[in-house]
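Everything on this sheet refers to the single structure shown next.
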Amino acid sequence: MEDKIEIRMPELVRLAYLKPNPWNPNKVMKPELDLLELSIRKSGFCFPLVVIKESDTSYMIVDGFHRHLIAKKLKMEFVPVVILDEPVSELMNATIRFNRARGTHQIDRMSNIVAGIG
């Protein structure tokens, strides 16, 4: 029997209600952060933050801390979020899964794309 995969729809939450989690292991260098800002400015806010709801006015970010930083810089009032309802004990694992699932860029392939031969 197949497991049923839940599709979680994003909803808009006030940026002021969001707060970072205390365990985020991911760091982004300034050039990549600038590129993230450019991407959001050019293409819009395409990837919702993943959060847990602590109360009607408090959401902890599980994934999307750097998008949250950019949203603050851009003075956005609302951002799209997907709300998880996992137990707190599972949230650190979720953060790590989301970060690791993105992988890393291979410089040669990325250079080929930029050069137009990818």
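The numbers here are math on the coordinates, done by the rules we state, and not lab data. This one's a predicted model, so the numbers in the text were calculated from it and none came from an experiment. Positions of Cβ are generated from backbone atoms using ideal geometry, with glycine treated the same way; all protein chains shown enter the neighbour counts.
Data for the structure
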quantity	calculated
Amide H partners (placed H, <5 Å) of F78, local residues excluded	L15
Cβ-defined net charge surrounding V13, 11 Å radius [Lys, Arg +1; Asp, Glu -1]	-1
In nm, spacing of pseudo-spin labels at K42 and L12 (7 Å Cα→C-beta vector)	2.6 nm
